[in-house]
Amino acid sequence: MSAAKLVASGLGAGWTPVAPGSAGSLLALILGIPMLAGPAWLLPAAALLALLAGLWSIAACGVNGDPGWVVIDEVAGQWLAMWGLGHASPLGLVVAFAIFRLLDIAKPGPVAWAERQPGAAGIMADDLAAGALTAGILWAVRSRWPEFFG
């Protein structure tokens with residue numbers, strides 16, 4: 001497997017036979033837990049690096065459309081979503097995963113618009129939009145009810 005396919009597939013998570021997008025998001029969730037213990041800029045910086053790696057790998061693979069095995073976009077989006085948590089808690093991680101996947105699958109408003117953009121940017125953009133919306137929702141819940149995520 002080429003380096004570009006390894007990156008685009010989320011270190012192979014995208015080759016999962018069932019729900020590869022959820023597998024990519026779960027991988028990102030697990031890898032993101034230690035980043036939540038770091039400085040506040042770490043998760044958005046990781047999401048930016050995943051975005052850049054995704055743009056490169058998708059273009060290098062010559063991908064047309066959004067094939068199921070490309071999950072680097074879910075990795076970037078899930079890391080952006082987790083930024084809204086502030087810290088890791090079991091409930092917070094489950095909620096961050098669930099809201100992100102719901103928005104990524106349902107594609108409301110700006111997520112659907114982002115998905116319609118052409119090429120690698122469109123493949124990445126819908127998950128980043130879903131991640132940003134999720135982060136905003138989590139931040140709002142955490143601001144109003146700080147005890148909710150423990």
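Starting from the Cα-Cα distance between TRP15 and GLU147, subtract it from 0.36 nm times their residue separation and give me the gain in nm to one decimal. Intermediate results must be reported in sequence, preceding the final value.
Values: separation 132, 0.36 × 132 = 47.52 nm, distance 3.79 nm.
Value of the extension gain: 43.7 nm.
Taking a ≥ b ≥ c as the square roots of the eigenvalues of the Cα gyration tensor of region 65-150, is the shape rounded (a/c under 1.5), prolate (a/b larger than b/c) or oblate? It would help to have the intermediate numbers written out before the result.
Numbers: a/c = 2.79, a/b = 2.08, b/c = 1.34.
Prolate, because a/c is 1.5 or more and a/b exceeds b/c.
What trypsin sites (Lys or Arg not before Pro) in region 45-150 are in a loop by DSSP, with at most 13 other Cβ atoms within 10 Å of the Cβ? Could the numbers behind the result be given before it?
Values: sites: ARG101, ARG116, ARG142, ARG144; in loops: ARG116.
Answer in residue order: ARG116.
Considering Cα pairs under 8 angstrom that are at least six residues apart, work out the relative contact order of region 3-144 and quote it in whole percent. Walk me through the numbers before you get to the answer.
On the way: 229 pairs, mean separation 40.0, N = 142.
Averaging sequence separation for qualifying contacts and normalising by length gives 28 percent for region 3-144.
Given +1 on the Cβ of Lys and Arg, -1 on the Cβ of Asp and Glu, and no further charges, what dipole in debye does the chain carry about its Cα centre, rounded to the nearest 20?
Numbers: 6 positive and 8 negative charges, 26 e Å.
Using Cβ point charges on Lys, Arg, Asp and Glu, the chain gives about 120 debye.
Would you look at the GNM of the chain, springs on alpha carbons closer than 10 Å, and say which of SER22, SER89, SER57 moves the most?
Per the Cα network of the chain with a 10 Å cutoff, SER89 tops the list.
At 222 nm, what value in deg cm²/dmol follows for the chain if DSSP H runs of at least 4 each add -39500 (n - 2.57) and the sum is divided by all its residues, to the nearest 500?
Values: 7 runs with 104 residues, N = 150.
Counting only the DSSP helices, I get -22500 deg cm²/dmol.
Could you list GLU147, GLU74, GLU115 in order of exposure, starting from the residue whose Cβ has the fewest other Cβ atoms within 10 Å?
Working: GLU147 6, GLU74 32, GLU115 17.
The fewest-first ordering by Cβ neighbours comes to GLU147, GLU115, GLU74.
Only counting other Cβ atoms within 10 Å, I'd like VAL63, VAL71, VAL111 sorted with the fewest neighbours first. All intermediate terms of the calculation are to be shown ahead of the outcome.
Values: VAL63 18, VAL71 31, VAL111 22.
Going from sparsest to densest Cβ surroundings: VAL63, VAL111, VAL71.
Laboratory data are not the source of any read-out in this text; all were calculated from the coordinates shown. Because the structure is a prediction, the values reported are computed rather than measured. Glycine gets a Cβ as well: all are built from the backbone with ideal geometry, and neighbour counts include every protein chain shown.
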